[in-house]
Amino acid sequence: MLAFQLYQLQQVDSERDALEKRVAELEALLADRRALLSAEEGAQKAKAAYRAAQRALQEAEAKAQGLRDKLSRTENTLYGGSVTNPRELQALQAEVEMLKRHLEAAEDAQLEAMLALEEAEKALNAAEEHLKAVKTERNTQEARWRGEIASLQEKIERLGKRRQAIVGAIPAEALSLYEKLRSKRGGQAVALVSDGACDACGAPLPPPVLQAARSSESIAFCPTCGRILCIL
Ligand SMILES: [Zn+2]
């Protein structure tokens, strides 16, 4: 019976459509690497910030050391006995006081830079841990997705063979009608009749249509949605 053959074909096609939709979803997931890229970017930024904090600390250390050296030289001159002029001694004393204030400020800045470096190191460790976790999760997911795609493709291939066998027994004219209806009706060309109504659109079917649908000679169509009717 032709309607039933078309119904079988419809079942195979619907199943294949669903599997292909799932394959497309999985391929989109595989192609979407945003979470990974964002974690990589986060780790790179944290590393750059850590290096900048290292440089800032080195600079602060160098500055404090420079002031310490200059202070020690100035104090040596002040207390060394080579300078005896009271006005020069007063100037040296003033310079020592100034250098001590600058050194204190520079040592405060050095401490700040050390604390900032510690924070940057913590942030770097956190960003690298996060990246590692994202990569591990991604690898697990990718393996699962690829596995699922492979098994879906196997099923699709089996359905393709079944489809060929079904199609081989359907006249070309009916097949082309089926394909046209399928593309116009959201992938569903054949509707089952249940309780005297079209299962696809829900419209009740007039008795002559039901009569025609029961006959194995011809194909009957739902007067409302135009689909091929099949009574199981
Ligand atoms: Zn209908």
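The values are calculated or read from the model by the stated rules, or taken from the named source; none is laboratory data. These numbers were taken from a predicted model, which means no experiment stands behind them. Backbone-built Cβ (ideal geometry, glycine too); neighbour counts: all protein chains shown. Please note that ligands, DNA and RNA were not included when accessible areas were found on the heavy atoms of the full protein model with its side chains. Shrake-Rupley method; radii C 1.70, N 1.55, O 1.52, S 1.80 Å.
Summary table below
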{"item": "Alpha carbon centroid spacing (whole Å) that separates segment 1-29 from segment 156-232", "result": "15 Å"}
{"item": "Kyte-Doolittle mean at least -0.5, axial Cα span of 20 Å or more - DSSP H helices of the chain", "result": "2-31"}
{"item": "Reachable lysines from LYS47, criterion Cα separation under 17 angstrom, eight or more residues apart if same chain", "result": "LYS122, LYS132"}
{"item": "Probe 1.4 Å, accessible area per residue of segment 172-230, Å²", "result": "54 Å²"}
{"item": "Accessible solvent surface per residue of segment 33-168, calculated while the other protein chains remain in place, 1.4 angstrom probe, Å²", "result": "70 Å²"}
{"item": "Point-to-point label distance, MET1-ARG101, nm (Cα→Cβ direction, 7 Å offset)", "result": "10.6 nm"}
{"item": "Choice from ASN76, ASN85, ASN139 with maximal GNM fluctuation in the chain (Cα, 10 Å cutoff)", "result": "ASN85"}
{"item": "Modelled FRET efficiency - R0 22 Å, ALA143 with ARG34, Cβ distances, 0.05 increments", "result": "0.70"}
{"item": "Scattering profile of the chain at q = 0.11, 0.12 Å⁻¹ [log10 I(q)/I(0), Debye over alpha-carbon scatterers]", "result": "-0.79, -0.84"}
{"item": "Segment 33-168: Cα Rg divided by the 2.2 N^0.38 Å rule of thumb", "result": "2.32"}
{"item": "Debye-sum result for segment 14-59 in log10 I(q)/I(0), which assumes one identical scatterer on each alpha carbon, at q = 0.15 Å⁻¹", "result": "-0.58"}
{"item": "With eigenvalues of the C-alpha gyration tensor scaled by 5 and rooted, segment 105-232, Å", "result": "67, 20, 11"}
{"item": "FRET efficiency for GLU41 and LYS180, using Cβ-Cβ distance with R0 set to 45 Å, rounded to 0.05", "result": "0.35"}
{"item": "Extent along principal axes [Cα atoms of segment 1-94; Å; largest to smallest]", "result": "126, 15, 8"}
{"item": "Cβ-derived FRET efficiency at R0 25 Å, ILE170 paired with ALA24, nearest 0.05", "result": "0.35"}
{"item": "Under-5 Å amide H pairs with CYS198, H placed in peptide plane, nonlocal only", "result": "ALA203, LEU205"}
{"item": "Spin-label model distance (nm) - GLU129 vs ILE156, 7 Å beyond Cα toward Cβ", "result": "4.2 nm"}
{"item": "Within the chain, helix-based [θ] at 222 nm, where runs of 4 or more DSSP H residues each add -39,500 (n - 2.57), nearest 500", "result": "-28500 deg cm²/dmol"}
{"item": "Share of carbon and sulfur in the accessible heavy-atom surface of the chain [1.4 Å probe, %]", "result": "52 percent"}
{"item": "Segment GLU61-ASP108, length gained on full extension (0.36 nm per residue, minus Cα span)", "result": "15.9 nm"}
